[in-house]
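For reference, the structure is listed below as structure tokens.
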Amino acid sequence: MTFPEKDLVERLKRGDLEAFDMIYDMYSGRLYAFSMKYLKCAEEAEELVQCVFMKVWENHKRLDRNLSFKSFLFTIAYNEMCRLFRRKSYLKKYIDETLLMGKLSDTTPEESTEFNSLLAEVEKLIAGLPETQRKAFYMCKIDGKPAKEVADGLGLSPGTVDNYVSATIRMLRSRLTRENLSVILFAALFLF
């Protein structure tokens, strides 16, 4: 039995998991194909589809059955792809800058291992933050969103968002080894 999309959206708005599953079945294949067209990576496309539907569920109470649900989904997918491309761009810039400085072209396996270990440590430190602080930091520093937009999305004041970001940067600065040029460059590109 099939239901009109507007009815499914209304049921989803009320938290109906069956409606969520039906909408997922209806759109996941299309979102995957859309994502593959640009990402050219099955794993990234699958992750993007999951991310889109996580955002749909997180915002299900605010859905409007009178607006185009398809446009809503594909707008989320587009924004997530932009975020992914921004992250890749930052990483490419970091690698290019490091190569220009001659750091990666003549690194030893030990240095590469140390660098990967330091990156893992930074990720671990950020993962250990309280959820709201971590989200605020990622949205501002990784996604490049302004504090006001982040504040609106998280239900905080812009000042609180700024405080969270500043506190995170201070914590990372205090924990990162200043002797390692790779870490300083990483920090300059991603954190400050």
TODO: Might you tell me the accessible area per residue for region 1-58, computed with a 1.4 Å probe and given in Å²?
DONE: 62 Å²
Task: Estimated inter-spin distance, residue 65 and residue 5, nm [label 7 Å along Cα→Cβ] - done: 1.5 nm
- [ ] Report in % the part of the accessible area of region 1-42 that belongs to carbon and sulfur, leaving out ligands and nucleic acids; probe 1.4 Å.
- [x] 59 percent
- [ ] Report the dimensions of region 1-69 along its three principal axes from the alpha-carbon atoms, largest first, rounded to Å.
- [x] 35, 25, 21
Open item on the list: Checking the table 61/141; 6/148; 6/70; 37/135; 6/61; 13/70 against a 20 Å threshold on Cα-Cα, which pairs fail?
Closed with: 61/141; 6/148; 37/135
Open item on the list: Can you tally the net charge around residue 123? Count Lys and Arg as +1, Asp and Glu as -1, for every other residue whose Cβ sits under 14 Å from the Cβ of residue 123.
Closed with: +4
Task: Charge context of residue 165, other residues only, Cβ under 14 angstrom, K/R +1, D/E -1 - done: +4
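The values are calculated or read from the model by the stated rules, or taken from the named source; none is laboratory data. Values in this document were obtained by computation on a predicted structure and should not be read as measured data. All Cβ positions, glycine included, derive from the backbone under ideal geometry; neighbour counts span all protein chains shown. Keep in mind that these areas ignore ligands, DNA and RNA; they rest on the heavy atoms of the full protein, side chains included. Shrake-Rupley method; radii C 1.70, N 1.55, O 1.52, S 1.80 Å.
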